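Q: Once you've had a glance at the structure underneath, I'll fire off some questions.
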Amino acid sequence: MAEHRDMGMEPAGLRLSRFLPVAMGGQPSALRDRQPNAAYTFLTHPLTLRILSVIVFCVAWQWAGLVPISPAFPTFTETMAALWEMLADGSLITAFSITLQPLILGLVISAIFGVAVGVAMGLNSKAEWVASPIFIVAQAAPLAALIPLIVFSYGIGLTSKTIVVCIMAMPVIALNSYAAVRHTPASLVEMGRSFLAPRWKVITRIILPAASPVIFAGLRLGAASGFIGAILAELLITPTGVGDLITYNRSIANYPGMYAAILSIIVFSVLFIELIERVEVTIFRPEKRAIS
């Protein structure tokens, strides 16, 4: 009976330890084994996954060039050799210095006016009625059909190319900014009004911070469209900059040089869009900065 009483008085923790082995650190061994090891953490890191995706892309490109899928499709190594040659002789840097002039000017104008008009449309229904159809039509209009009209009105210089960049980038930025402001949670706005905050404080302290993620998403999409507009302007208006490199190398059947010029502008646009995202995280998204 005493033995039975001792078993009845046995602490619950000791009885549980018979069925759940406990490790040295006081944690169950099953839970300890489920913790990810260093190799798993490294392989699932976002940077590792990005590097692996780039490696897979380069290997697939090399294989497609060796098959080949087309006589005009070079291998990845041939393209990189042509890219290095254009960097060594300075032709690529000179081309970028020409292409970046209308591109940066157009993106700055599109970002300033696009965000301003988009926020105004989101805050004021009259501004929405006036400006929203213009941006919707500009986004849906075929750019190739508008370029002859732009060239006829503004010539073949910097102005016409900047207008092409703005036509491509500004509607995306403005419409995303409008949607971001319009879909601000009503509970946040009502909270600000319940604390008797003036309208300008509700806009600057509540609406704009809540809308900033979608606004920056519009800026990234607008920047990507702006790069497309800059290259189209150089291909369709007058061959200058990177567009001239693409046109010239295609005309002499130097396909590695042509693909090298295309790859260079793609890589530059990706890095530029990544920079915009980093600015967003640093300034407006401290919680993502802490996680990353």
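The values are calculated or read from the model by the stated rules, or taken from the named source; none is laboratory data. Bear in mind that the values here come from a model prediction, so they are computed numbers and not experimental data. Glycine also receives a Cβ, built like all others from the backbone with ideal geometry; neighbour counts cover every protein chain displayed. Note: accessible area is taken over every heavy atom of the protein model, side chains too, but ligands, DNA and RNA are not part of it. Shrake-Rupley method; radii C 1.70, N 1.55, O 1.52, S 1.80 Å.
Q: How many of the residues making up the range 72-121 are small (Gly, Ala, Ser) and surrounded by fewer than 17 Cβ atoms within 10 Å (Cβ to Cβ)?
A: 7
Q: Right, here's the next one. Residues in the range 176-187 that are in a helix (DSSP H, G or I) and open to solvent by less than 60 Å² (accessible area, probe 1.4 Å): how many?
A: Within the range 176-187, residues that are in a helix (DSSP H, G or I) and open to solvent by less than 60 Å² (accessible area, probe 1.4 Å) number 6.
Q: Another question about this same structure. Do we have residue 149 as open to solvent by 20 Å² or more (accessible area, probe 1.4 Å), assigned to a helix (DSSP H, G or I) and modelled with pLDDT under 90 here?
A: Criteria met by residue 149.
Q: Is there any pair linking a residue in the range 166-184 that is within 15 Å of residue 223 (Cβ to Cβ) to one that is among the hydroxyl-bearing types (Ser, Thr, Tyr) and part of a helix (DSSP H, G or I), with Cβ under 7 Å and at least six apart or on different chains, and which?
A: So the pair list comes out as 166/110; 168/225; 169/110; 169/225; 170/110; 172/225; 173/110.
Q: Let me ask another. Is it true that some residue in the range 214-221 is more than 29 Å from residue 95 (Cβ to Cβ) and open to solvent by 40 Å² or more (accessible area, probe 1.4 Å)?
A: Yes; the residues of the range 214-221 include at least one that is more than 29 Å from residue 95 (Cβ to Cβ) and open to solvent by 40 Å² or more (accessible area, probe 1.4 Å).
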